[in-house]
Structures are given as structure tokens and as C-alpha cells.
Ligand code: GLY
């Protein structure tokens, strides 16, 4: 099974530039996981994208900690880093774990040292914009502490900063049907230091099976981990399901399981959070679905790079 119209790359909606670059690299003959990692590298280096790499939103102690994973279809090898500090290109470090070690995941201080050993420069990832967002969050956390809340101050500020789980995922398939995938993120904003989301967990935030397809996730990582989101999607594609239907099925499963934790659902029994899922099949067919309507995803194929709307479980009012 090979793509009918040449290589394809898909990504989360913040990855239009990423899929464009990945698709170009695939046309030039690059390995699919290398193409995906180079694609997301653009977004990791963008200080205006607050979901990943430089400019990513920090943890509760105002330190940016990155998670990333990669997977190579032809060898079924994976690499990952978690809670990586002071390093812009977490996905490329994860690729070094895949290429240069017999391990799958390296975390924290060890991941940082591993990055330095491979020539990745030390860099402070915290931009002023991300620091100010953290400060607004911190000041409004608790109206009984010594930080003044919005309603306790006598001047106007920019208001609250919602917590986010922005991330970038990219999957790629070559014209020969070889797959690669990668997910990279600064994770849940203002998380507990050391918290690891779904992005670096193989089978949760990313998975790839060269016989079937690749998949990835963005959004509430805890929900994706608990349902092995990406592995489930690839399994459904292996059983013959279209990528969109496979994503929708897993989004429904995650929504259904959220009902088991009362604090996660609204008065209508629907999740208070969102999860977005992305899938690319070995034959080049692709799709995406989220729990809530309004999401889109990026794709690049013979028709160029663009965004397309994702399927969804619930329509937002
Ligand atoms: N999906 C990103 C995270 O939860 O960290």
C-alpha cells in the first residue's frame, strides 16, 4: 500500500509551515521521521507559538519544560525526552535518542545533559510574553494570598490567562508508504514541575506502525494517556477504518471515559476539556477529529499545504 499522489504530511493546526517543510523534505527523499522533525522544528523555534519550544508556557515555578517523542516506521524504533529544560529542539533530541541509543526515553537532567552532549545549545526558553502570562496566572490563583487578584488591584491588566495544552504533532508518509511521526510540546501550562504529558509517551501522544499508519494527539494529555490514544487510532486503521473515523472513535471513547471523573464533565455530562487527534494511513489517506467542534488540522500533499476542518463529537454552543 502506497500513497496514490505521492508523499503526505499532516499536523496540528499550528503546523501549516511544518507540513509544508516536511512535504518538501519528503519530495527530496528525506526519511519520514526526519522530515517530520524538521517540520516541527520551525514551530519549536517560533517564539510566538506558546505551546512548544522557545516561548512555550512554563510550569508552576515559571520554568519551561518540554516533552517530545518520535517514531520511525521502517524500524519501529522510538525516541523520547520528557521534562527537558533549556533546549529549543526537543523533537530533534528525541530523534537522537532513537538514532544513537538503545533506550526509548530520557528525562529531566539526564535529557538536558544528553542534549548538550549532542551539540544542542543551552538556551533560556522563557520569553517575556510567556513570563507575563505565567505572572497573570500566578496572581489570580488564590485571592487569599499576597499576590493581588484582578479584582483587588486598582489598575487594569490584560485579564486571566487560561491554562492550555497546546502542542504540535506531525506525521509523514513517503511516496513508498514508509511512515514517521513526531509530537513536541511545552505541555500543560503551569503544570507541576516534572509533570509528563502524553506527547513523549509512545502510544499516547504519538504512535506509528509502518504496516498501518501513524497518529498523534494534542489537548488534555492525561485523558490521552489513559486511553492510549494514538495506539488505539493506529489499531483501528490497521483493522481497516478510515483515519477520520478512527480519530472520531477514539475521541468518543475519551469523552465517554471522562464521565467516570465528575470534575471533568459539565452539567450535560460532556468533557470540560478538549482532545484533538490526527491520523495518516499508509496509503496517504488522512483525517482528524476532536471532542469539541471548531478544530482544524494542517496537511500538505500534491495539492499543497493548507488547513482542513476536523470531525468532532460535540458541537460547541
Ligand atoms: N497534550 C499535551 C500535554 O498534555 O502535555
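The values are calculated or read from the model by the stated rules, or taken from the named source; none is laboratory data. Just so it is clear, the structure is predicted and the values come from calculations on it, not from any experiment. Please note: Cβ atoms are built from the backbone with ideal geometry, for glycine as well, and neighbour counts cover all protein chains shown.
The table below gives the values:
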{"read-out": "Filter result for the condition that a residue is in a loop (DSSP other than H, G, I, E, B) and within 19 Å of the chain's Cα centre (by Cα), over 43, 93, 88, 34", "value": "88"}
{"read-out": "Residue 258 within 16 Å of the ligand (Cβ to nearest atom) and more than 24 Å from residue 15 (Cα to Cα)", "value": "yes"}
{"read-out": "Residue in the range 4-19 that is in contact (Cβ under 8 Å) with a residue 60 or more places away in the chain, in contact with a helix residue (DSSP H, G or I) (Cβ under 8 Å, 6 or more places away or on another chain) and under 21 Å from residue 190 (Cβ atoms) present", "value": "yes"}
{"read-out": "Count of the range 55-85 residues which are under 14 Å from residue 202 (Cβ atoms), in contact (Cβ under 8 Å) with a residue 12 or more places away in the chain and not in a strand (DSSP E or B)", "value": "2"}
{"read-out": "Top-ranked residue of the range 146-175 - restricted to ones that are over 19 Å from residue 192 (Cα atoms) and modelled with pLDDT of 85 or more, ranked as surrounded by the fewest Cβ atoms within 10 Å (Cβ to Cβ)", "value": "175"}
{"read-out": "Subset of the range 111-132 [under 25 Å from residue 75 (Cβ atoms) and surrounded by 13 or more Cβ atoms within 10 Å (Cβ to Cβ)]", "value": "111, 114, 115, 118, 120"}
{"read-out": "First in the range 268-282 and closer than 15 Å to residue 249 by Cα, second anywhere and at pLDDT 95 or above and in a loop (DSSP other than H, G, I, E, B), Cβ under 6 Å, 6 or more apart", "value": "275/220; 276/295"}
{"read-out": "Answer residue from the range 185-226, given it is surrounded by fewer than 23 Cβ atoms within 10 Å (Cβ to Cβ) and more than 23 Å from residue 56 (Cβ to Cβ) and is nearest to the ligand (Cβ to nearest atom) among those", "value": "226"}
{"read-out": "Number of positions in the range 184-207 that are closer than 21 Å to residue 130 by Cα and touching a strand residue (DSSP E or B) at 6+ places or on another chain (Cβ under 7 Å)", "value": "8"}
